[in-house]
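The values are calculated or read from the model by the stated rules, or taken from the named source; none is laboratory data. Please read these numbers as outputs of a predicted model, since none were measured by experiment. Every residue, glycine as well, gets a Cβ built from its backbone with ideal geometry; the counts of neighbours run over all protein chains shown. Surface areas here come from the heavy atoms of the whole protein model, side chains and all, with no ligands, DNA or RNA. Shrake-Rupley method; radii C 1.70, N 1.55, O 1.52, S 1.80 Å.
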Amino acid sequence: MFRAALFDLDGVVFDTEPQYSVFWGSQCRLYHPEHPGLEHEIKGSTLDQIFDRWWSGPLEAERETVMQRLNDFEAQMHYDYIEGLQDFLAVLRTQGVRTAIVTSSNRQKMDSVYRSRPELRLVFDEILTSEDFTESKPSPQCYLRAAQRLGVAPEDCVVFEDSFNGLRSGRAAGMYVVGLATTNTREAIAPLSDIQIDNYNNFNFWSEREVKGGSEGGVKGTILLLFP
């Protein structure tokens, strides 16, 4: 069985993506009215990636303002769990599977999360934030570091992701990748994930992996899915 399960945060642990679409929609319309729908294009990007691409040059001076607005927004967000997650985590714990959150969010954002969900630090064995790695997704560094911290080999890990960059990160780390269709469609994330789910309701699995690799970098083997 997989020995560790690694979870992205937004769109994977919490159903926050619709709220971020509201925030970034307001900022993109303010600063980039010439690019309608930009808030959807930047989904799954880190804040640094967003700033480097869209708030550079003359707009660089506005980064601090946007950052403060984002901090204020995150402080009052609702952090509702993705359906079925809590039951799924309980099953993993009974099976001895270690768990970690691996997020590009910073510690200041996580302070807002902890105020809303103080139990989060007790539910997961480890929580890694942007301060814990130097390379952003799609680099595999964050997931490889999480595996190392949990004392588990990469091939014994399963990654749960919703964004394109996150899915690529898990795949580049040589891990089994479960794509959540919370931010993008099943069809869109299918090429970057080994299986796709809408949420964690009635989801469980046992893995008997035989070989790893392949031209697409996915994990090859036998995956038995159980739907109780």
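Quick one: what pairs do we get from the stretch 5-34, first residue modelled with pLDDT of 95 or more, second in a helix (DSSP H, G or I) and of a type in the set (Val, Ile, Thr), C-beta under 7 Å, 6+ apart or different chains? That search, which allows pairs on different chains as well, returns Gln27/Val66. Within the stretch 49-66, can one find any residue that is part of a helix (DSSP H, G or I), in contact (Cβ under 8 Å) with a residue 40 or more places away in the chain and within 27 Å of Val158 (Cα to Cα)? Yes, the stretch 49-66 contains a residue that is part of a helix (DSSP H, G or I), in contact (Cβ under 8 Å) with a residue 40 or more places away in the chain and within 27 Å of Val158 (Cα to Cα).
The sole residue among Leu89, Leu85, Leu122 that is closer than 15 Å to Val159 by Cα, aliphatic (A, V, I, L, M) and open to solvent by 10 Å² or more (accessible area, probe 1.4 Å) is Leu89.
So in the stretch 4-22, with the set limited to residues that are acidic (Asp, Glu) and assigned to a loop (DSSP other than H, G, I, E, B), which one is nearest to Ala173 (Cα to Cα)?
We begin by selecting, within the stretch 4-22, every residue acidic (Asp, Glu); these are 8, 10, 15, 17.
Then drop every residue that is not assigned to a loop (DSSP other than H, G, I, E, B), which leaves 8, 15.
Working: Asp8: 14, Asp15: 25 Å.
By that ranking, first place goes to Asp8.
What are the residues in the stretch 25-74 that are hydrophobic (A, V, I, L, M, F, W, C) and surrounded by 14 or more Cβ atoms within 10 Å (Cβ to Cβ), if any? Working first, answer last.
First, pick out the residues of the stretch 25-74 that are hydrophobic (A, V, I, L, M, F, W, C): 28, 30, 38, 42, 47, 50-51, 54-55, 59, 61, 66-67, 70, 73.
Cys28, Leu38, Ile42, Leu47, Ile50, Phe51, Trp54, Trp55, Val66, Met67, Leu70, Phe73 - these are the residues of the stretch 25-74 that are hydrophobic (A, V, I, L, M, F, W, C) and surrounded by 14 or more Cβ atoms within 10 Å (Cβ to Cβ).
Checked against (1) at pLDDT 95 or above; (2) part of a loop (DSSP other than H, G, I, E, B); (3) surrounded by fewer than 16 Cβ atoms within 10 Å (Cβ to Cβ); (4) of a type outside the set (Gly, Ala, Ser), Gln148 passes all but a single condition, namely (2).
Among the conditions (1) in a helix (DSSP H, G or I); (2) modelled with pLDDT of 95 or more; (3) surrounded by 18 or more Cβ atoms within 10 Å (Cβ to Cβ), Asn165 misses just one, which is (2).
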